[in-house]
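Since every read-out is calculated from the coordinates, none of them should be taken as a lab result. What you see is a predicted model, and the numbers here were worked out from it, not measured in a lab. When we count neighbours, we look across all protein chains shown, and the Cβ atoms used for this are built from the backbone with ideal geometry, even at glycine.
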């Protein structure tokens, strides 16, 4: 079964998710710069989510590059990941419109946790389809980076109830780490 | 006539349908977990529709994989299916916002019936373009699974007026049956 | 210059246009069938526009199939067509929400006129890039069907001010004529 | 690393941006032509943004045509450009709904400046991946047109506070200059 259409569909859904989040940036009716000020939490959470969804697209792009085969289980594992990503416009707005109150920040983090879990499941469904010598297997390795991110997200959700800004800081920190492009896949491919 | 662009357009429309449904998840302004509670019927109907649209994408993905030719009638039969799928964000919201009241649950089911009928029509327009030995013909067979689903949906719509939760249960049951990937197409292709 | 990305971009924009129109189908809060009744003008105009945009996609699909070359002028002529098509969600809603009042019906028709003019311009920019023996040139011919449609749309706009239902009837009539797939392109290709 | 999926994802996001802007054209409930009149600033800003986003799509289309390699830095530089383009529906609405008041016109221009800067960064990340003899390098040249546009946009933002219509006029002027298709890339390719 070809991977082409899975890639195309995934790209389509991710492109829509990353773009409709901007619909939450409701335009103010004031005519001066100060009327834009109340938008900062929504804009700030939009930036964070744009980076996060961008990271997922980047990683999926690189990962599918090494994938050789997909099957029915992979299609559903991929749809599962897209489901949790599709909630990001809602959780982003929840966080932004409530000015980074603790519970909305935690809910945003729970969505990040579930996205990370879904990504791990997707990888685990792709593993049995690829031999231990396949580019995919070598590139993914033991996915330490993914596992550490997951632990960080869970810690961030819990620490949100101490102070929500600790949670937000961890979200940005993890994003920054991934922002540096994941060289695993390209390194293996170059060999 | 190539099938490539029909696949691409179908993927595009389905990707948009599956994603804009999330716009109905209007963000609450409360700052605690309890403010999320009233969202449950909308979230619950979103999950059901995400699975249903996902099933259609999956089946279309697998079916078009074996398709060799398309013609003008197929293009319109496909657009007909996309039309009824495009109503799903509206029927999903109708069901969710009215907390699974009987009529909205029935209307949702009527849309599922019409999608299933449209899928059957699409298959019937593809049949004459493929010989009896073609992978497509063998894979589709007599489409018993599709016909049973259609009967189930009609039963669900009628039983909704006894108790709407019977209808909802049948919707989930049929989804669960399809959730197990349709192996017909991949089985035939492997030979 | 390759036509692939022009096709892909056009498909993307058309897929979004055809799908976001459904966002106008605002969900009623009533719980019985009668609460759906006030939606009929919006639903009815959605059906008309879905068919119209579907026809454009179909025709563009068939036409680009025979196209061999595109240049900068074609890109802009295509964007021009997409612009007028992109107004269709707005003109559809204007017509539906005002229950097919004469002016909104005329405005809808003016958009159809402008789409048809834009399509004609697109064809005229593609002509000089194809020899008189090219599949494209033979398939388009003198585009009589397109020209008659244009005249019909203009007549419909004017007759709307006599009675708006004459206009609506002509819109459906022209759609019905195009609904029968445009065999020009496939006929020429088969030779 | 292949450029195919970067192109596809970029096309998808740009297609969505250019289309969801029309959602700001909120339909009036009046039934005569005069009810459309108050829409002119929103329509006018929509036209300007449609042209601007169309120009970016056109330029990206032509540029990626000559691109031979992409890497992780290019992916992020491209996402950065898409981020600033994704704000265009919001800045367009801000400008239109406030009837071209000076600050909203300046904010719109600041977004154009940031898009132009992001485009320049994208080009600079592509340069080291292409030899001095590559089609890409020859086609881009010193990107004088891009640099002049950037200076014009900055001037427009500043002059907005003298009179906002000077800013709007410059936005249209720069758009008109780019509207003439960028022949650099096609010229080099033809050799």
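Observations
- Degrees separating the helix B:72-86 axis from the principal Cα axis of chain B, which is the longest one: 10 degrees
- Here is how far apart the residue D:154 label points are across copies: 5.0, 5.0, 7.1 nm, shortest first, using a point 7 Å from Cα toward Cβ.
- Helix C:102-126 axis versus longest C-alpha principal axis of chain C: approximately 10°, rounded to the nearest ten.
- Per-residue Cβ neighbour rank within 10 angstrom, fewest leading, A:79, C:129: C:129, A:79
- Packing-based exposure ordering (other Cβ within 10 Å, fewest first) of C:124, A:86: C:124, A:86
- Choice from D:94, D:64, D:33 showing the highest fluctuation, given a GNM over chain D with Cα pairs closer than 10 Å: D:33
- Ranked B:5, B:69, C:144, criterion: other C-beta atoms within 10 Å, fewest first: C:144, B:69, B:5
- Test item: A:70-83 mean partner chain Cβ contacts at 10 Å: 4
- GNM top mover of A:71, A:11, A:32 - chain A, alpha-carbon springs below 10 Å: A:32
- Residue among B:122, B:39, B:150 with the largest mean-square fluctuation in a Gaussian network model of chain B, springs linking Cα atoms under 10 Å: B:39
- Relative contact order (%) - chain A, alpha-carbon pairs under 8 angstrom, separation at least six: 25 percent
- Over all projection directions, the Cα-based convex hull of the protein assembly as shown averages an area of 32.9 nm².
- Chain B - Kirkwood radius from inverse mean 1/r over Cα pairs (Å): 17.6 Å
- Contour minus Cα-Cα distance for residue D:23 and residue D:133 (0.36 nm per residue): 35.1 nm
- Per-copy distances of the residue A:37 label point, shortest first, in nm (7 angstrom along Cα→Cβ): 3.7, 3.7, 5.2
- Residue-averaged [θ]222 nm for chain C, counting only DSSP H segments that reach four residues, each worth -39500 (n - 2.57): -24000 deg cm²/dmol
- Mean per-residue shielding of peptide A:26-34 is 5, counting Cβ atoms of other chains within 10 Å of each Cβ.
- Rounded to the nearest 10 degrees, the angle from helix C:40-66 to the longest Cα principal axis of chain C is 10 degrees.
- Extending 7 Å from the Cα toward the beta-carbon at both residue C:154 and residue B:145 defines two label points whose distance is 5.4 nm.
- Note: relative contact order over region A:16-113, using C-alpha pairs below 8 Å and six or more positions apart, is 38 percent.
- Pseudo-label separations to other copies for residue A:127 - Cα-to-Cβ vector, 7 Å, nm: 4.5, 4.5, 6.3
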